[in-house]
Amino acid sequence: MSNHNVTRVRRIVFSLYMSGIMSLMMSGIITLINTGLTEGFLSRWGMSFLVAWAVAFPLVIVVAPLAGKLADWSIQKSVNTGKEHS
């Protein structure tokens, strides 16, 4: 597999894991806050997770590169500002 293909596959796998983990945690917390730990909690959480993951996965694929560029820009700006004050 070429480096380009490895990079592309890594991006998809990263997006799958990141969106899945975040969707699982966030949907669980929000479901718990909204409905409490009552009968049917796991069912409500499961449905919320599936909806959240279906939305989050494509969003992470699109947004992750932008977030990376913003992080690079912020760090570079911080490094450049530090050099000016030295």
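The values are calculated or read from the model by the stated rules, or taken from the named source; none is laboratory data. Everything numeric in this text was worked out from a predicted model, so none of it was measured. Heads up, the Cβs are rebuilt from the backbone with ideal geometry, glycines too, and the neighbour counts pull from every protein chain shown.
If you go through region 23-40 and keep only what is touching a residue at least 12 places away in the same chain (Cβ under 8 Å) and loosely packed, with under 14 Cβ neighbours inside 10 Å, you end up with just Ile30. For Arg10, the test of being assigned to a helix (DSSP H, G or I) and modelled with pLDDT under 95 is passed.
The single condition among (1) out of contact with any Phe, Trp or Tyr (no Cβ under 7 Å at 6 or more places or on another chain); (2) assigned to a helix (DSSP H, G or I); (3) at pLDDT 95 or above that Asn5 does not meet is (3).
Here's the yes/no breakdown for (1) at pLDDT 95 or above; (2) not in a helix (DSSP H, G or I); (3) not small (Gly, Ala, Ser):
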residue	(1), (2), (3)
Glu39	yes, yes, yes
Arg44	yes, no, yes
Phe49	yes, no, yes
Ala54	yes, no, no
Phe57	yes, no, yes
Ala67	no, no, no
Asp72	no, no, yes
Lys77	no, no, yes
Thr81	no, no, yes
